[in-house]
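What follows is one structure encoded as structure tokens, with my remarks underneath.
The values are calculated or read from the model by the stated rules, or taken from the named source; none is laboratory data. Predicted model only: the values in this text are computed from it and were never measured. Glycine also receives a Cβ, built like all others from the backbone with ideal geometry; neighbour counts cover every protein chain displayed. Protein only, heavy atoms only, side chains kept; ligands, DNA and RNA dropped before computing areas. Shrake-Rupley method; radii C 1.70, N 1.55, O 1.52, S 1.80 Å.
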Amino acid sequence: MKYIGAHVSASGGVENAPVNAHQIGANTFALFTKNQRQWVANPLTDKSIRLFKERCSEYGFDLSKILPHNSYLTNMGSPEEDMRLKSKNAFLDEMQRCEQLGLNLLNFHPGSHLNKISEEECLLNIAHSINDVLAETSSCIAVLENTAGQGSNMGYRFSHLAYIIEHVENKERIGVCLDTAHLLASGYEIRNKEAYEAMWKEFEETIGLQYLRGIHLNDSMKDLGTRVDRHHSLGKGVMGLDLYSYVMKDSRLDNIPIILETPDDTIWAEEIAYLRSLE
């Protein structure tokens, strides 16, 4: 079964996210559990937690298939100790929020070296921070997202993600989400069937399919290997349309959240219906 949704608004409270997802015909969704542009937020209220769970149940959303996204501010690979600690604490807070909501996945961008430390040191900083957060939480899985490789961002090669996973102590609580726009921009060709299969072969050999926890399905404004992160609506960028058929017919992607982060939220319902037509 394919779980298709979008990163919907939680404005006014996390309890509004299931409503917004239902309105676009989704059977999964992503959300921010707090303002993604602020370090500190008020705790979730008992009322918000209760309504979130009730509405997920009402609209048929499986809590285990929902893929919340961490704040954009955090950098657990930072060369600066103060920033790493601040980022780790913010990530811990979001993991705890997910557990309060009954969610068991939290997607996040790995981190950046800022051209001040080596790539290896940055990756180790990320892994050590993940270990600390997992030790203070009980169930939520930390889901690494591949990046476009813009600036000094790490995670744009499968080997980066594999290195982090290697150094995470609890392998049952670490996973990967692949973003299609980031794949292309970082240098992974996926627009024809042969290249698409070659990408998955490398993923299996380098990381392992058992770690795949989600997909961000996006078109891209920028072409192969540009290392520029610019999402586009499906079929309106440089991807073409074949990729979406590959995804919808790929049994490896059954039973994991497939989330649109395309920029025009007014056509999310159309995009979801289009993807469903390809099954």
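Here segment 34-67 is the region considered, the condition is being touching a His at 6+ places or on another chain (Cβ under 9 Å) and outside any helix (DSSP H, G or I), and the residue that is nearest to E99 (Cα to Cα) is L67.
Among residues of segment 1-23 being open to solvent by 30 Å² or more (accessible area, probe 1.4 Å) and in a loop (DSSP other than H, G, I, E, B), the one that is farthest from L67 (Cα to Cα) is G12. Residues that are more than 14 Å from Y3 (Cβ to Cβ), part of a helix (DSSP H, G or I) and not hydroxyl-bearing (S, T, Y) within segment 251-269 comprise D265, I267, W268, A269, listed in sequence order. Going by what's in this entry, would R227 be described as touching a residue at least 24 places away in the same chain (Cβ under 8 Å) and either among the aromatic types (F, W, Y) or open to solvent by 40 Å² or more (accessible area, probe 1.4 Å) (or both)? Answer is yes for this residue. Residues considered: L114, L161. Of these, the only one that is at positive phi and modelled with pLDDT of 95 or more is L114. Return yes or no: is N218 polar (S, T, N, Q) and crowded, with 22+ Cβ neighbours inside 10 Å? Yes, satisfied. Just one of the listed residues (A41, A127) is more than 30 Å from I267 (Cα to Cα) and at pLDDT below 95, namely A41. Would you check if K53 is in contact (Cβ under 8 Å) with a residue 40 or more places away in the chain and more than 20 Å from the chain's Cα centre (by Cα)? When the stated conditions are applied, K53 passes them. Only residues that are among the hydroxyl-bearing types (S, T, Y) and free of Cβ contacts under 8 Å to residues at least 12 places away in the same chain were counted in segment 237-272, giving 2. Taken over segment 270-279, residues that are part of a helix (DSSP H, G or I), over 15 Å from K65 (Cβ atoms) and of a type outside the set (S, T, Y) amount to 5.
Of all residues in segment 181-198, those satisfying the criterion of being open to solvent by 10 Å² or more (accessible area, probe 1.4 Å) and among the aliphatic types (A, V, I, L, M) are A195, A198. The residues in segment 25-53 that are among the β-branched types (V, I, T) and either open to solvent by less than 30 Å² (accessible area, probe 1.4 Å) or touching a Ser or Thr at 6+ places or on another chain (Cβ under 7 Å) (or both) can be counted, and the count is 3.
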